[in-house]
There are 2 protein chains.
Amino acid sequence: MKMSNLFAPTMKESPTEAEIASHNLMLRAGLIRQLSSGIYTYLPLGLKTLNKISCIVREEMDRVGGQELLMPAMQPGELWKETGRWDVYGPELVRFRDRRKRDFCLGPTHEEVITDLVRRELRSYRDLPVLLYQIQVKFRDEIRPRFGVMRSREFIMKDLYSFDTDREGMQNTYEIMYEAYCRVFERCGLQYQAVRADSGVIGGDLSHEFLIVAQSGEEKMMVCRACKAGYPEEEVSCSVCGTTSALEEKRGIEVGHIFQLGTKYSQAMNALFVDKDGSEKPIIMGCYGIGIGRTMGAAIEAYHDEHGIQWPWNLAPYQVCIIPVHVRTAEMVKIAETLYNTLQEAGYECVLDDRDLRAGHKFKDADLLGFPVQLILGDRSLKNNQLEVKIRSSDERVDINREDVLETLESIRKKSVHI
Amino acid sequence: MKMSNLFAPTMKESPTEAEIASHNLMLRAGLIRQLSSGIYTYLPLGLKTLNKISCIVREEMDRVGGQELLMPAMQPGELWKETGRWDVYGPELVRFRDRRKRDFCLGPTHEEVITDLVRRELRSYRDLPVLLYQIQVKFRDEIRPRFGVMRSREFIMKDLYSFDTDREGMQNTYEIMYEAYCRVFERCGLQYQAVRADSGVIGGDLSHEFLIVAQSGEEKMMVCRACKAGYPEEEVSCSVCGTTSALEEKRGIEVGHIFQLGTKYSQAMNALFVDKDGSEKPIIMGCYGIGIGRTMGAAIEAYHDEHGIQWPWNLAPYQVCIIPVHVRTAEMVKIAETLYNTLQEAGYECVLDDRDLRAGHKFKDADLLGFPVQLILGDRSLKNNQLEVKIRSSDERVDINREDVLETLESIRKKSVHI
């Protein structure tokens, strides 16, 4: 992608409404724009990262046998009345009537819809276990939307629902999903912790939250419901550095939540299966959510500095930004474009900053947008067939021969994805 | 994917509510399930085809310089009041108030939202032209939802919006998009026609509909608004067979609609840019929609027979279905699984019908689900190191040596994607 074409409106000044770094940087780097309080448009760079997270999540859900479907956002109120949540859920539930005056809501979660599907389609123990998931837009009319995509009114979630014949099956599925969640956040390059949590309005027996550890020293982390009855018990160990500490000292951003639901929904909605012995029993359920947009925000909380975002390799909208310090000579333009084509052919996602702007302006934008690697072409390096490689996260800079660029990038990539 | 794991609940009987073939077959083949009138869940096989269409659309939009973003479903009423559509749009517009009593609607289209974005972010002629698009869920509270995903209340659309400095630019963009639309439907394997059309509630100057020609003899095609003032003039030529005929004789299913909007929205919403001469002018817009779910329905209308769906190669959820006539011997199971692994490694998307069911049952399901190629393993063919290849669309059957399977599939693929 050439920067001159990219629709990524950046901002020099910090927007006043942004209380935390990720909100500030997502606005300044042109990843999102607010449409209304707590309602955001994802601009091209933001959507690219959102899709990268979705893709990792999808691969890990598929790996453990999850099957993707897509449920509606509009949900009939009658299903929510069956489970009693029509009354329990507060004004966070967006409710309206259709033209025939029937009650509807915009789904903040899909237990009712999936249970309704499954009670119609799954009848026998032979059909189970089944894991069904979607990546889809959800709605919650927050009383105080804030922190950008972190606490918004319309947001993208992955929600998976598991259906087992017995509690052992459900617990086994829960453990498999727990491991899948660990892989998701590892692949995203994020430090996470799983802590035992309150089941809240979703209900059920056992639940864990997955928290992203933000090392940025941000003071306004929005979610920390870590409780002392932990899993693993009273201490948590960091998935990356291995150090352990007492739970109450830890603070993080909730990006995932998994629940052993048991029969809460299947009993209320009469979702039964015929077991081996011919008897009808309620299906045993689990429910597993990941906030896709929130994971993106958490990644920025964890990886940024005063100049901008420092994307982990696997989440970066583009991994490499090529910066010719000027575009005044045909030679410079040609070398930059050749490099751009070479990298794209080698499978790197590249931005070429072909804009006729001061070098300082381009450097600032590249730092703000947070591409993991910058390749800087100056007049002097051009003469020596060299270029400058800058690693965004460490600010390391090194001059290399241009012919070594693929080798260098490959070694950076290898180091980066193992972080 | 092994059929024993696949969540694709099929139905033997035709559902009474289905008036047309695609609705009937999408239900019977387990592609969709109705949640409420005009509101559907896409099950795994349905979602796979939906994603294939989305992927083709995305590639063709990107090819002409489109940049993908993602706008919210929840839209503030105030924007719709700016353009006057809050009053013009009837009860099809789903309206509600949030907890602070502010007017909102669920977007049936996004002219207001994108114009609001662009008026804030694009200021200079140097920023234009820009093409922004999304693939996203839309809402229309139809008075009489019917025909399954063809006329539903919640549906998936691609909508692209173009922004130019002058009418020539807009017309140029329009022609480029027109060609991109032709490529989309060709790659989907569909016969289409573009006809000049009424702009309806979207408004603007010139518009064309893209219609899918369904040769199935279905009598209840739902949309035919072909008018006589045509482009190409008074006749239309079929994109595939080349025959021309008078417009009024043609009937088809509307799957795409493109509009030259001009300044309808930019003027109402004050979306201005500064031109070369320093003067402020309204941005010249175009708008380009494709119904993703509807394209899927239209493909089934065009390609099916009395036994089920006949997916075009590029839209099939899986291209190949391996059918061992029984799974009673270890040899049969082993050969079927080896074949399955071989094809997957070669990049084919495969289903292995590993279910312990009568062969006739499996054949019926494979025909119903419409995979382009069936590979049938019987006891006799096993002995001769052979298998039977059945082409779903033509019902051609041929015995081949098992070692020739990749070569055979490749030649079928080549023929298929050129249809």
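We did not get these values from a lab; they are worked out from the coordinates using the rules stated. Fair warning: this is a prediction, and the values are worked out from it, not measured in the lab. Neighbour counts are summed over all protein chains in view; Cβ atoms, including those assigned to glycine, are modelled from backbone coordinates with ideal geometry.
Can you give the net charge of the other residues whose Cβ lies under 13 Å from the Cβ of B:G289, counting K and R as +1 and D and E as -1?
After counting each charged neighbour, the total is 0.
I'd like the distance separating the alpha-carbon centroids of region A:40-58 and region B:315-329, in whole Å.
Computed from Cα coordinates, the inter-centre distance equals 35 Å.
Can you list residues from other chains, or at least 5 along the same chain, whose modelled amide H is less than 5 Å from the amide H of A:Q386?
When sequence neighbours closer than 5 places are left aside, the close amide H contacts are A:R402.
Rounded, prolate or oblate: which one fits the protein assembly as shown, using the alpha carbon gyration tensor with axes a ≥ b ≥ c (rounded when a/c is under 1.5, else prolate when a/b beats b/c, else oblate)?
On the way: a/c = 1.31, a/b = 1.12, b/c = 1.16.
It is rounded, given that a/c, with a ≥ b ≥ c, falls under 1.5.
What distance in nm separates the two pseudo spin-label positions at B:T408 and B:C182, each 7 Å out from Cα along the beta-carbon direction?
3.7
Placing +1 at every Lys and Arg Cβ and -1 at every Asp and Glu Cβ, with all other atoms neutral, what dipole size does region B:1-152 have around its Cα centre, in debye to the nearest 20?
Values: 25 positive and 20 negative charges, 87 e Å.
That gives region B:1-152 a dipole magnitude of about 420 debye.
Taking the Cβ-Cβ separation of A:D198 and B:S124 as r and a Förster radius of 51 Å, what is the calculated FRET efficiency to the nearest 0.05?
0.50
Roughly what would the spin-label model give for B:E168 and A:K2, points 7 Å off Cα along C-beta, in nm?
Each label point is offset 7 Å from its Cα along the Cβ direction, giving 2.0 nm.
Run through region A:259-312 and list the trypsin sites (Lys or Arg not before Pro) located in a DSSP loop whose Cβ has at most 15 other Cβ atoms within 10 Å.
Here the trypsin sites (Lys or Arg not before Pro) that fit, given the DSSP loop and packing criteria, are A:K276.
Put +1 on the Cβ of every Lys and Arg and -1 on every Asp and Glu Cβ in region B:302-419; which of B:W311, B:H361, B:V417 then has its Cα farthest towards the positive end of the dipole?
Farthest towards the positive end: B:H361.
If you take every residue apart from A:L377 with its C-beta less than 13 Å away from the C-beta of A:L377, what net charge results, scoring Lys and Arg +1 and Asp and Glu -1?
Taking every other residue near A:L377 into account, the sum is 0.
Putting +1 on Lys and Arg Cβ atoms and -1 on Asp and Glu Cβ atoms, find which of A:M177, A:L211, A:F104 reaches farthest to the positive end of the dipole of region A:21-305.
A:F104
Mind checking which chain A residue has its Cβ closest to the axis relating A to B, and how many whole Å off it is?
A:F96, 2
Can you compute the helix-only [θ] at 222 nm over chain B? Use -39500 (n - 2.57) per DSSP H run of at least 4 residues, normalise by all residues, nearest 500 deg cm²/dmol.
Calculated from helices alone, the mean residue ellipticity at 222 nm is -9500 deg cm²/dmol.
Which value, in debye to the nearest 20, gives the size of the charge dipole of region B:100-167 about its Cα centre, when Lys and Arg are +1 and Asp and Glu are -1 at the Cβ?
It comes to approximately 320 debye.
Express in whole angstrom the spacing between the alpha-carbon centres of region A:267-286 and region B:330-377.
31
Enter the angle in degrees (range 0 to 90, nearest 10) between the Cα long axis of helix B:330-345 and the first principal axis of the Cα atoms of chain B, meaning the one along which they spread out most.
It is inclined by approximately 30 degrees.
Dipole size in debye (nearest 20) for the protein assembly as shown around its Cα centre, Lys and Arg Cβ +1, Asp and Glu Cβ -1?
1200
Any idea what the A:E179 label distances to the other copies are, label 7 Å down the Cα→Cβ vector, nm, shortest first?
5.2
Please arrange B:M1, A:M11 by counting, for each residue, the other beta carbons lying within 10 Å of its beta carbon, fewest first.
A:M11, B:M1
First check a/c for chain B, with a ≥ b ≥ c the square roots of the eigenvalues of its C-alpha gyration tensor; if it is under 1.5, answer rounded, and if not, answer prolate when a/b is larger than b/c or oblate otherwise. Show your work: numbers first, answer last.
On the way: a/c = 2.18, a/b = 1.97, b/c = 1.11.
Prolate, since a/c reaches 1.5 and a/b exceeds b/c.
Grab the beta carbon distance between B:M11 and B:R102, set R0 = 41 Å, and tell me the FRET efficiency rounded to 0.05.
0.40
Other chains' Cβ within 10 Å of A:94-100 residues: what's the mean?
On the way: counts 7, 2, 8, 4, 9, 9, 4.
For peptide A:94-100, the averaged partner shielding equals 6.
Cut-off 10 angstrom, C-alpha nodes, Gaussian network model of chain B. Which of B:N24, B:N384, B:N270 fluctuates the most?
B:N384
How far apart are the A:E403 label points across copies, placing each 7 Å from Cα toward Cβ, in nm, shortest first?
List, nearest first: 4.5 nm.
Give A:K138/B:K138; A:K390/A:K415; A:K81/A:K101; A:K48/A:K334; A:K101/A:K138; B:K383/B:K415 a once-over and call out the pairs whose C-alpha atoms are over 19 Å from each other.
Distance filter (> 19 Å) returns A:K48/A:K334; A:K101/A:K138; B:K383/B:K415.
Could you tell me the distance between the Cα centroids of region B:397-415 and region A:130-200, to the nearest Å?
Value for the Cα centre distance between the two parts: 43 Å.
Considering every residue in B:4-10, what mean count of other chain Cβ atoms within 10 Å of its Cβ is obtained?
So the per-residue partner count for this stretch is 4.
Can you give the average number of partner chain beta-carbon atoms within 10 Å of each beta-carbon in peptide B:42-50, as a whole number?
4
In degrees, nearest 10, range 0 to 90: what is the angle between the Cα axis of helix A:405-417 and the longest Cα principal axis of chain A?
On a 0 to 90 degree scale, this one is about 30.
What is the helix-to-structure angle for A:111-121, meaning the angle in degrees between its Cα long axis and the longest Cα principal axis of chain A, kept from 0 to 90 and rounded to the nearest 10?
60
Taking each label point as 7 Å beyond Cα in the direction of the beta carbon, state the distances from B:G347 to the same residue in the other copies, shortest first, in nm.
Computed spacing set for this position: 1.4 nm.
For every other residue with a beta carbon closer than 15 angstrom to the beta carbon of A:L160, add +1 if it is Lys or Arg and -1 if Asp or Glu, then tell me the sum.
Taking every other residue near A:L160 into account, the sum is -4.
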